[in-house]
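Heads up, the thing below is written out as structure tokens.
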Amino acid sequence: MEVLITGGMGYIGSHTCVEMIEAGMTPIIIDNLCNAKAEVLNRIEQITGVKPLFLQGDIRDEAFLDSLFAAHDIHSVIHFAGLKAVGESVAKPLEYYDNNVNGSLVLARAMRKAGVKRLVFSSSATVYGDPQQVPITESSPVGETTNPYGTSKFMVEQCLTDLVHAEPDWSVTLLRYFNPVGAHPSGLMGEDPQGIPNNLMPFIAQVAVGRREKLAVFGDDYSTKDGTGVRDYIHVMDLASGHIAALKGVGEKAGLHVFNLGTGQGSSVLEMVQAFSQACGKPVAYEICPRRPGDIAECWASTEKAERELGWKATRSVAEMAADTWRWQSNNPQGY
Ligand code: NAD
Ligand code: WQD
């Protein structure tokens, strides 16, 4: 079964490709490499023994997509491609809306022309904004987003929802990821942010490997278990298997399907620092700093719907997330 993976050279897409190949599927990757390295393809081959077809190109290039759909018998599409840095999205809103919203519309239009109407979209817990209560269920309010990145995800969700209303033969699955972390257990693949990492786990990993001096902990005065921010960290391999479960569970069913992909457990910043120190066998230097503007206190997923309807549940612990990240980071100190 040929599945088109947009953004398949990126962090989550590459791990999902490995999981797909191991499940007997055939990913075809398109990526413009704006945030990924070509070396990823070799790593996928080292792990699986299979080098997937990779075409470098942009999801906003409709002619490129048309020729791709004409040349291959694509069964469904998993759409990872997008820009994802919150701070950058505040500085460059037009670029974010063009890439994430316009890019998704061009993709959906090309799919319709080709008669491919099964789409899984990488959405985010960011669409819930600052949640009124935790755990967050799929019917919690969405749309009160706090930055252009989050708004772009919400807009694409809305466009695809309206598309399914208008054309009920589509199958659209919105997967709302919580905080993806970790790496492939081989240590061959992981997250490779360019420049200063925006996210907690890659920052901790770069402190541990000596690339940065210390972690700034953004606030210890939240009303959480230890005052630091609490999030639902999910191992990227669990996230990858969630995509297979979605393709198999609802990927053939017409309509709109929405699932949280998280663990249902919240961990604080200091708990993540502690878990990482244990994994790497040394303390991770940190300093308590002011809150980061726009941050929420805590957020974790209700995982019941995915368990019930997809038979999928995350199984990997925070200790495994830290150990796998450390294996990747220590074997590849400068990334790919
Ligand atoms: P990533 O940046 O590692 O991967 C995205 C890939 O898309 C990159 O390889 C990039 O080169 C490619 N890309 C971007 N714009 C493109 C375009 N116009 N045409 C072709 N390729 C393009 O990010 P990731 O962490 O793997 O995230 C994948 C998806 O999941 C994104 O849509 C992101 O918004 C979403 N998401 C990520 C997180 C997270 O914390 N990592 C959380 C929730 C949702
Ligand atoms: C986690 C916790 C920080 C860095 C972001 C996006 C969200 C989604 C996932 C894509 C918070 C604290 C962080 C640091 C710190 N992405 N922290 N020092 O903010 O939950 O979510 O990534 O969809 O849209 O907003 O993740 O990893 O940045 O932060 O203390 O250097 O770590 O305050 O409590 P976040 P994060």
Seminar exercise, completed: Here the Cα Rg-to-2.2 N^0.38 Å ratio for the chain is 0.95
For this session: Mind jotting down the three principal axis lengths of the stretch 274-336 based on Cα atoms? Whole angstrom, largest first.
Result: 41, 32, 24
Exercise. Rounded to whole Å and sorted largest first, what semi-axes of the equivalent ellipsoid does the C-alpha gyration tensor of the stretch 1-133 yield via the square root of 5 times each eigenvalue?
Worked result: 24, 19, 15
Problem set entry | Positive-end residue of Gly195, Tyr128, Val164, charge dipole of the chain with Cβ unit charges | Gly195
Problem set entry | Dipole moment magnitude, nearest 20 debye, the stretch 65-113 about Cα centre, only Lys, Arg, Asp, Glu C-beta charged | 120 debye
Exercise. Around Tyr177, which amide H atoms from residues at least 5 apart in sequence, or from another chain, sit under 5 Å from its own amide H, with H modelled in the peptide plane?
Worked result: Ser123, Ser124, Ala125, Leu261
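Per residue, how much accessible surface does the chain expose to a 1.4 Å probe? Answer in Å², no decimals.
Dividing the accessible area of the chain by its residue count gives 41 Å².
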Problem set entry | Value of Rg/Rh across the stretch 192-290 [Cα atoms, Kirkwood radius] | 1.08
For this session: Would you kindly compute the Cα radius of gyration of the stretch 189-237 and its largest Cα-Cα separation (Dmax), both in Å?
Result: 12.5, 36
Exercise. What order, most packed first, do the peptides 159-171, 224-236 have when packing is the mean number of other Cβ atoms within 10 Å of each residue?
Worked result: 224-236, 159-171
Exercise. If you add up the charges near Gly182, with Lys and Arg at +1 and Asp and Glu at -1, over every other residue whose beta carbon is less than 14 angstrom from its beta carbon, what do you get?
Worked result: -4
Problem set entry | Phi to ³J(HN,Hα) by Karplus 6.51 cos²θ - 1.76 cosθ + 1.60 over the stretch 126-138, Hz, x for Gly, Pro | 4, 5, 7, x, 8, x, 6, 8, 10, x, 8, 9, 5
For this session: Taking amide H positions as placed in the peptide plane 1.01 Å from N, state which residues far from Val120 in sequence (5 or more) or on other chains have amide H under 5 Å from it.
Result: Val77, Ile78, His79, Thr173
For this session: Report Rg (one decimal) and Dmax (nearest whole number) for the stretch 108-257, counting Cα atoms only, units Å.
Result: 18.2, 53
Exercise. In percent, what relative contact order does the chain have, based on Cα pairs under 8 Å that are 6 or more apart in sequence?
Worked result: 19 percent
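Take every DSSP beta bridge whose two residues both sit in the chain, then give the antiparallel share in percent to the nearest 5. Walk me through the numbers on the way to the answer.
Details: 2 of 42 bridges.
Close to 5 percent.
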Seminar exercise, completed: Honestly the stretch 39-101 on the Cα gyration tensor test (a ≥ b ≥ c root eigenvalues; a/c under 1.5 rounded, otherwise a/b vs b/c for prolate or oblate) is just oblate
Exercise. Using a probe of 1.4 angstrom, how much of the accessible area of the chain is carbon and sulfur, in percent?
Worked result: 50 percent
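The values are calculated or read from the model by the stated rules, or taken from the named source; none is laboratory data. Predicted model, so just to flag it, every value in this text is computed and none were measured. Reconstructed Cβ throughout: ideal geometry from the backbone, glycine too, with neighbour counts over all protein chains shown. Ligands, DNA and RNA are excluded from the accessible area calculation, which covers all protein heavy atoms including side chains. Shrake-Rupley method; radii C 1.70, N 1.55, O 1.52, S 1.80 Å.
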